[in-house]
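Visitor: Let me begin by handing over the structure; questions about it come next.
Readers should treat all values here as calculations from the given coordinates under stated rules, not as data from a laboratory. Keep in mind it's a predicted model, so treat the numbers as computed, not measured. Cβ coordinates were reconstructed from backbone atoms using ideal geometry, including for glycine residues, and neighbour counts include every protein chain displayed.
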Amino acid sequence: YDPEIDIAVLRVSKTSTAGSTTSAFACLELASTEDLRPGDTVYALSNPLGLGLAVSSGVVSAVGREVDSYALPCVLNTADISRGSSGGALLNAYGQAVAVTTGAYTYGNSMYLGVPVDPVMSADLTAHSWTLAEVKALEADREDAA
């Protein structure tokens, strides 16, 4: 969980609170933006306005775009995302998640942003983790301090 880069890694139990188990969860393979280039095709998976799965395609305009209020350089692309679509996956041509969709430039056409998943790929996922309740408490403390 890193509020500065707006990314969290979730660990999901194979057993529900009711005791039911499942054999597997669907997941996406992650890929670094290191091999992503301007002109590459990307696909945005999202849930705009809560209407269900939506897929749009576009091209990468820039990989390391510095944007005010973002801690990491973003992937600027033309794959349309609508309100409610932030947090979706931005996929490369191989179906690997390379970024998390976050928003768009307000005064521009086809200028959408994605936060790279690279920090997740290099994170120590064996380190201490927090429960959702602990994260909510951290966020509440942060808001109270502001």
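Visitor: With only alpha-carbon pairs counted, each pair once and no self-pairs, how large is the Kirkwood hydrodynamic radius of the chain in angstroms?
Guide: Evaluated on the chain, it is 16.7 Å.
Visitor: Give the shape of segment 27-103 as rounded, prolate or oblate, defined through the alpha-carbon gyration tensor: a ≥ b ≥ c are the square roots of its eigenvalues, a/c under 1.5 means rounded, and otherwise the shape is prolate if a/b is larger than b/c and oblate if not.
Guide: On the way: a/c = 1.67, a/b = 1.25, b/c = 1.34.
It comes out oblate by the Cα gyration axes.
Visitor: Right, something else. For the chain, modelled as a GNM with alpha-carbon contacts under 10 angstrom, which of Asp35, Asp80, Asp68 fluctuates the most?
Guide: Checking each option, the largest mean-square fluctuation is seen for Asp68.
Visitor: Can you bin segment 72-143 into rounded, prolate or oblate? Criterion: square roots of the alpha carbon gyration tensor eigenvalues sorted a ≥ b ≥ c, rounded for a/c under 1.5, prolate for a/b above b/c, oblate for the rest.
Guide: Note, shape of segment 72-143 comes out oblate.
Visitor: Working from Cα positions, state the angle (0 to 90°, nearest 10) between the long axis of helix 132-145 and the longest principal axis of the chain.
Guide: Compared with the principal axis, the helix lies near 70 degrees.
Visitor: In addition: Rounded to the nearest 0.05, what FRET efficiency is calculated for Ala145 and Thr106 with R0 set to 30 Å and r the Cβ-Cβ distance?
Guide: Details: r = 29 Å, r/R0 = 0.96.
Computed FRET efficiency for Ala145 and Thr106 comes out at 0.55.
Visitor: Then there is this: Of the candidates Ala18, Ala123, Ala79, which one comes out as most mobile in a Gaussian network treatment of the chain with C-alpha springs shorter than 10 Å?
Guide: It is Ala18.
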